[in-house]
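Okay, structure first, notes after.
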Amino acid sequence: VGLHNHGFWRPKPLLDTARLTLSFNSWHRKNHQDSRALWKHEAVQKYLETLSKEYQQVSHLLSADSLNDFEQRTLRRRCADLSPIAAAFQEVKETEREVQELEAMCTELNSRDEKQLLELALEEKESLDKKMNVLCRKLFQLLVPKEKYDRSPVILEVTAGRTTGGDICQQFTKEMFEMYQNYADYKRWTFDIVNYTPAEIGGLHHAAAHISGENVYRHLKYEGGTHRVQRIPETGMSSRMQRIHTGTMSVIVLPQPEEVDVKVDPKDLRIDTFRARGAGGQHVNKTDSAVRVVHLPTGLAVECQQERSQQMNKEIALRTLRAKLYQQVLEKQLSEEQSARKLQLGTRAQSERIRTYNFTQDRVTDHRISYDARNIKEILSGKEALDKLINRLLEFAEIEAVTQYLENLQALEGGG
């Protein structure tokens, strides 16, 4: 909090969105593995105390009669930003005091050997601990700025790996696409298949879907990248060898803003039609309804075979093409290491994997956060287990953002 040269209040900024893009590869802060641990950090406490005091000062200034309309509007906006943070901060502090009082009570009861009362106190403490974890997560969610496209629908693409595994990659790609389809159903999102290219042996070469609903990009943005599978194949020649095979597939997640401001010159497009091929078979191979649109200046190609109507497929393909062209515009605005499509696609090599699905050990490992989850079938079902893993990623992202901001703040205050 500070005073302007003319005596008017000037706010300190909240977390700087432009400088808080998550880099999981640099995650090394072992002490900040969850929101509860980060809450105990001295710099966090100091920063939240500063915001709380600022909220009190802004609230006091708003009651002054000498403010003009501009000053009133500025202070109201700042008050609206700080109010939920100050309230959450106070709630966490009060809950922490309750936890500390219960811990002291448990120690005293244990020394007296009053087992029945101790059991009741421990149950209440467990309940308070859960509440504390939820409140800390809520507090840091308020601190971290919402990304511009978090609420946007997405285009999700899956592609079988080119480097290793052969048919195992294609089978795994099909399982992954179905996992995201089930997850969309679990989250009550709309999942529209835009393109589906099956493999001869029952797997999947490539597929794309348009997913819309509440906070779709926010939940799926860290799914982009190379996913590795390790398993003994169930069918084919390789299954007889009973040897563990390794394969990869890639996921790309592109935000699709409702209004994409990209102009496409019809002269720059080549539009081809062909017969649809897909998993359903309702209208497959009946007419040349499928559409491929190629943007000649960039070489971008988009296919759609979702609808019976060629015209509707063309409209969907053009919408997807605009989203991809818009993504290229976004990438130019970001640094090379933050380039979403490059970061997610890479070369589909195993060394760039973000997650490994080991069927023989029934374990899924997310390498970015060193997180292991058991029961692969539960995760591939696309329901609660996958949602838990995705929320774990989001929590780590929030913690990384807050930690990075505070480190930058300390460096500035220290003159570094």
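Using alpha carbons only, how many angstrom separate the centre of region 150-194 from the centre of region 30-80?
Each part reduced to its Cα centre gives a spacing of 41 Å.
Residue by residue through region 93-105, which ³J(HN,Hα) values in whole Hz follow from phi under the Karplus form 6.51 cos²θ - 1.76 cosθ + 1.60 (θ = phi - 60°), with glycine and proline marked x?
Going residue by residue, I get 4, 5, 5, 4, 4, 4, 4, 5, 5, 5, 4, 5, 5 Hz, with x marking Gly and Pro.
Looking at region 116-222, which GluC sites (Glu not before Pro) are in a loop (DSSP not H, G, I, E or B) and have at most 13 other Cβ atoms within 10 Å?
Glu200, Glu214
Could you rank the peptides 103-110, 68-75, 245-252, 289-296 by their average count of other C-beta atoms within 10 Å per residue, with the highest value first?
Highest to lowest by the protection proxy: 245-252, 289-296, 103-110, 68-75.
For region 110-185, which trypsin sites (Lys or Arg not before Pro) pass both filters: DSSP loop (anything but H, G, I, E, B) and at most 16 other C-beta atoms within 10 Å?
Here the sparse-neighbourhood loop sites are Lys146, Lys148, Arg151, Arg162.
³J(HN,Hα) across region 59-75 via Karplus (A = 6.51, B = -1.76, C = 1.60, θ = phi - 60°), whole Hz, x for Gly/Pro?
3J(HN,Hα) across region 59-75, in whole Hz: 4, 5, 5, 5, 7, 6, 7, 7, 7, 7, 4, 4, 5, 4, 4, 4, 5.
Provide the packing ranking of 396-408, 34-46, i.e. peptides ordered by the mean count of other C-beta atoms within 10 Å per residue, highest first.
Top of the packing list down: 396-408, 34-46.
Given H placed on each backbone N at 1.01 Å, which residues far from His245 in sequence or on other chains put an amide H within less than 5 Å of it?
Arg231, Ile232
Pop out the ³J(HN,Hα) list for region 300-314 in order, Karplus 6.51 cos²θ - 1.76 cosθ + 1.60 with θ = phi - 60°, rounded to Hz; leave Gly and Pro as x.
Running phi through 6.51 cos²θ - 1.76 cosθ + 1.60 with θ = phi - 60° gives 5, 10, 10, 10, 9, 9, 5, 9, 6, 7, 4, 5, 5, 4, 5 Hz.
Quick one: which residues, 5 or more positions from Gln361 or on another chain, have an amide H under 5 Å from its amide H? H modelled 1.01 Å from N in the peptide plane, none for Pro or chain starts.
none
Within 10 Å, count the other beta carbons around each residue, average over each peptide in 50-56, 93-99, and list them highest first.
So the order, starting with the most tightly packed, is 50-56, 93-99.
Within 10 Å of each candidate Cβ there may be at most 12 other Cβ atoms; applying that plus a DSSP loop requirement, which trypsin sites (Lys or Arg not before Pro) in region 178-232 survive?
Arg188
Readers should treat all values here as calculations from the given coordinates under stated rules, not as data from a laboratory. Fair warning: this is a prediction, and the values are worked out from it, not measured in the lab. Note: ideal-geometry Cβ built from the backbone for every residue, glycine included; neighbour counts use all protein chains shown.
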